[in-house]
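The structure under discussion appears below in the form of structure tokens.
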Amino acid sequence: MNNLLESIKPKYIKLIKKSDYKFTSSRIIAKLESSKWYGELTIQEIRDIYDMCGIDALRVSAWDYRFGDNILIDGDD
């Protein structure tokens, strides 16, 4: 994978692109295109992704917040 955008599950990329928050959506897409590692995202950017994708941040584990396993493509996807 060349950038983080290619590592995010496609269903989440679609939700981000369809978001009503056009400025935030375009900013997040640009950040994902310019980043290689999940760790390059800020907490605010992760929260914005969760908001746009309808992910309940209160139900996300600390592991998923830290490493992004819930939104990143893994070997089984």
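Results for (1) of a type in the set (A, V, I, L, M, F, W, C); (2) modelled with pLDDT of 95 or more; (3) touching a Ser or Thr at 6+ places or on another chain (Cβ under 8 Å), shown as yes or no for each residue.
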position	(1), (2), (3)
ILE13	yes, yes, no
LEU32	yes, yes, no
TYR38	no, yes, yes
GLN44	no, yes, no
CYS53	yes, yes, no
ASP77	no, no, no
### Task
Would you point out the residue of segment 12-35, among those that are touching a residue at least 24 places away in the same chain (Cβ under 8 Å) and exposed (fewer than 13 other Cβ atoms within 10 Å of the Cβ), that is farthest from ILE71 (Cα to Cα)?
SER34
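The values are calculated or read from the model by the stated rules, or taken from the named source; none is laboratory data. Small disclaimer: the values here were computed from a predicted structure and weren't measured. Cβ atoms come from the backbone with ideal geometry, glycine included; neighbour counts cover every protein chain shown.
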